[in-house]
Each structure stands twice: as structure tokens, then as C-alpha cells.
Amino acid sequence: MHRSGISFLYSGPVASSQNLFVQVFACCVTIVALDYLHDTWFYFTHLWMHKWRWLYSHVHYLHHQSKVPTAFSGYSLHVAEAALVFFDEIIVCFLFPIHVNVHRLYHLYTTLIHIGGHAGYELHPLVPSLEQVLWLLVGGNKVSMHLNTVLYHCIHHQFPNKHLSLYFTHWDKWLGTQKTDYHAQIGAIKKEQAEKLANSPRASPGIHYAILLMCMLWTLVGSVLAYVSIYHIIHQFVSKKT
């Protein structure tokens, strides 16, 4: 699409200005826009998979076999679900200008967020998203009312009709799919974690982060290898045709 000029993907400098701050700011704006669009697409396709019983029982059921999510649950899903949920990676190319490398790296990085969201251990405030980093600068260790946590999605695996969003909570709030006692639950978990760290240095969550990081790393490596392999296969196929 980029080579054919049939999308808004572009190469060269990220922004017209060569100023580093402008370049970084342009990347951040693109990432936030992609996050909101991805979250919206995910929410409504996810809602559809739960409301249409045939689609749930033949496709989405596979992901919900993980009643207690682990880092490996993030991509435990049907190939049809993967094609549906991640089709927005193509759609966004036709909505606004995106640097081709930002597009590639962004959608590789989202693999880490999907794995982290299924970690089975509350990582807050170390949820690996740009919005969480920005929130840390403002709210510190306080849980944001607008951003998802690991618990937020874990609740969805226990209560399938609740918490259908990916990064943010606004669609769940507006459409009545947020569990009313979520904030009390996350508050209790944060308090328990703080007490364990205060009473026992050996209770450090470092081992959990280390295991999660290893899972993320292997998944990212696998994603890159798959991406490169598919690219070369398609490139060879197109070259033979031409």
C-alpha cells in the first residue's frame, strides 16, 4: 500500500521540522490517536463477538478458555478473531498520515501490551502504554479512572459481559459494561501489594516482572520473525508475478 501510494502511509522524516522535540511530539500524537482508534475498534468488535452467540461459541470461546489469564493468554485466540480484531491495523492507514516505521513498530509493540494485560499479576503503575507513562507524571502511583489495568481485563475473563475495552474505560462506562466494584477491587489489591512490600523485602514483585519480560521478549522476537518471513514470502510471490 505504501509503495503503491494508496494509503496515508509515508516515509522520510516523521515531521516536516527537523527539531527533535517536534519529531518526538509527532510520534506521541500518532501513538495516542492509534491507541484511541484501536481501543474503539477492539471494544465494538469484542462486544459483537459476545452479543452474537454463534460467533462467541465458534470463535471467541477459544480465548475465554483461559479463565485465569497468564502472559500466554493474550494471543490464545482463533485465527478468525485475530483477523477481525487486528484488521484496524489496515484501516488506520486510510484515516490519517502515519509514518510507515511508526506504524510497523507500534503494532509490534502492542504485542507487549496485550501480553501485559493478561499477566495475571497487577503491574500497575508499570502498564507499558504511553498514556500510563503520561499519567505517572501527573497522578503517580494513583490508579487512573480512565486507564485499564491488568485486573481490569482479568475481570472480563471472570465476567465475560464486563470490561470489553482494551486501553481505556470510557466505552465501558458509557455503555454500561463496567463492573461497579472495580475501583474498590483495584484499590484493595494496590493496598495489599504495598503492605507486602513494606513488611517483607522478599515480597518484591521483581520475579513477576522478570518472567513477564521474558514472555514479552520471546513473543516480540516471534512477531518480528513472523513479520519478516511473511514479508519475504509475499515479496518473492509478487516478484515472480511481475
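The values are calculated or read from the model by the stated rules, or taken from the named source; none is laboratory data. Please read all numbers here as calculations on a predicted model, not as lab measurements. Cβ atoms come from the backbone with ideal geometry, glycine included; neighbour counts cover every protein chain shown. For the accessible areas, the whole protein counts, side chains as well, though only heavy atoms, and no ligand, DNA or RNA atoms are used. Shrake-Rupley method; radii C 1.70, N 1.55, O 1.52, S 1.80 Å.
Descriptive notes on the structure:
- Accessible-area value, C28, 1.4 Å probe, nucleic acids and ligands omitted, Å²: 50 Å²
- Using a probe of 1.4 Å, the accessible surface attributed to E192 totals some 90 Å² when neighbouring protein chains are kept in position.
- Sequence of W135, W52 from largest to smallest accessible area, 1.4 Å probe: W52, W135
- Given +1 at the Cβ of Lys and Arg, -1 at the Cβ of Asp and Glu and no other charges, the dipole of the chain around its Cα centre is 280 debye to the nearest 20.
- Given charges at Cβ of Lys, Arg, Asp, Glu: the chain dipole, positive-most of V138, Y43, H78: H78
- Of all accessible heavy-atom area on the chain, the percent that carbon and sulfur account for (1.4 Å): 70 percent
- Matching label, semi-axes √(5λ) of the Cα gyration tensor in Å computed from the structure shown, candidates (1) 25, 22, 21; (2) 30, 19, 19; (3) 32, 23, 19: (3)
- All lysines inside 29 Å of K173 as judged from Cα atoms, apart from same-chain residues fewer than 8 positions distant: K51, K67, K142, K162, K190, K191
- Solvent exposure of the chain as accessible area per residue, Å², 1.4 Å probe: 58 Å²
- Acute angle (nearest 10 degrees) that the helix 206-241 long axis makes with the longest principal axis of the chain, alpha-carbon atoms: 20 degrees
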